[in-house]
Amino acid sequence: MNRAENPIATFAAGCFWGVEAEFRRIPGVVDTEVGYTGGHTENPSYRDVCRGDTGHAEAVRVWYDSSRVRYRDLLDVFWRIHNPTTLNRQGADVGSQYRSAIFTHSPEQEREAQRSLQKEDRNTRRDIVTQIEPAGPFYRAEEYHQQYTEKHGGGCHL
């Protein structure tokens, strides 16, 4: 299957290397790519985003086969792989580019994301700071960031 035949989900949960690696392990995920979204700067570089003034988050786009994995299942993974109660921080990574966010691609995804946040909030002692917003422009990160953990090992906070 190719990307065009599949729905897209977009998540920000800290350093995109580890987040991408986690989603790539899920049966039914067709492809992934890391990049920058949710900000105001066009075509930002990694260096630009690291400065913290572009408004972008490090994010992962996930193409998935909806006959094999549901969006709800991807949301469950999203909540499991990071701490949604720390504002602009995951592990040692600090800054708005490491925020927790779900970027939705349809009204149905918006509803599912809101339901999953409410469910997660009931099961968490601290306030969840995850943002849910419509997906906007996504800028693919530099090639050396793509599938980083598969190519180089190691990774981030996960």
Options Gln114, Gln118; residue that is in a helix (DSSP H, G or I) and either within 13 Å of Asn83 (Cβ to Cβ) or touching a residue at least 12 places away in the same chain (Cβ under 8 Å) (or both): Gln114
Looking across segment 42-59 at residues that are within 20 Å of Gln131 (Cβ to Cβ) and among the acidic types (Asp, Glu), the single one that is farthest from the chain's Cα centre (by Cα) is Asp53
Output the qualifying pairs, or none if there are none: Cβ atoms under 9 angstrom, residues six or more apart or on different chains, first residue in segment 34-48 and farther than 16 Å from Arg99 by Cβ, second residue of a type in the set (Asp, Glu) and open to solvent by less than 30 Å² (accessible area, probe 1.4 Å). Tyr46/Glu58
Filter segment 125-142 down to the residues that are under 19 Å from Leu74 (Cα atoms) and part of a loop (DSSP other than H, G, I, E, B), then identify the one that is most open to solvent (accessible area, probe 1.4 Å). Val129
Candidate set: segment 18-34, residues that are among the hydrophobic types (A, V, I, L, M, F, W, C) and under 10 Å from the mean Cα position of the chain (by Cα); chosen: the one nearest to Ser45 (Cα to Cα): Val34
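Would you mind finding the one in Ser100, Ser66, Ser106 that is surrounded by 18 or more Cβ atoms within 10 Å (Cβ to Cβ) and of a type in the set (Gly, Ala, Ser)? Walk me through it before giving the result.
On the way: Ser66 fails: surrounded by 18 or more Cβ atoms within 10 Å (Cβ to Cβ); Ser106 fails: surrounded by 18 or more Cβ atoms within 10 Å (Cβ to Cβ).
Going through Ser100, Ser66, Ser106 in turn, just one is surrounded by 18 or more Cβ atoms within 10 Å (Cβ to Cβ) and of a type in the set (Gly, Ala, Ser): Ser100.
For segment 84-106, state whether one or more residues are of a type outside the set (Val, Ile, Thr), in a loop (DSSP other than H, G, I, E, B), in contact with a Ser or Thr (Cβ under 6 Å, 6 or more places away or on another chain) and under 14 Å from Phe11 (Cβ atoms).
Quick first cut of segment 84-106, residues of a type outside the set (Val, Ile, Thr) only: 84, 87-93, 95-101, 103, 105-106.
Still in the list and also in a loop (DSSP other than H, G, I, E, B): 84, 87-88, 91-92, 95, 99, 105-106.
Next, from what is left, pick out any that are in contact with a Ser or Thr (Cβ under 6 Å, 6 or more places away or on another chain): 84, 88.
Adding the requirement that they be under 14 Å from Phe11 (Cβ atoms) leaves 84.
Scanning segment 84-106, I find at least one residue that is of a type outside the set (Val, Ile, Thr), in a loop (DSSP other than H, G, I, E, B), in contact with a Ser or Thr (Cβ under 6 Å, 6 or more places away or on another chain) and under 14 Å from Phe11 (Cβ atoms), so the answer is yes.
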Check Gly18, Gly35 and return the single one that is modelled with pLDDT under 95, open to solvent by less than 40 Å² (accessible area, probe 1.4 Å) and not in a loop (DSSP other than H, G, I, E, B). Gly18
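The values are calculated or read from the model by the stated rules, or taken from the named source; none is laboratory data. Since the structure is predicted, the reported quantities are computational estimates derived from the model, not experimental observations. Methodologically, a virtual Cβ is constructed for each residue, glycine included, from the backbone with ideal geometry; neighbour enumeration extends over all protein chains shown. SASA here: full protein model, heavy atoms, side chains in, ligands and nucleic acids out. Shrake-Rupley method; radii C 1.70, N 1.55, O 1.52, S 1.80 Å.
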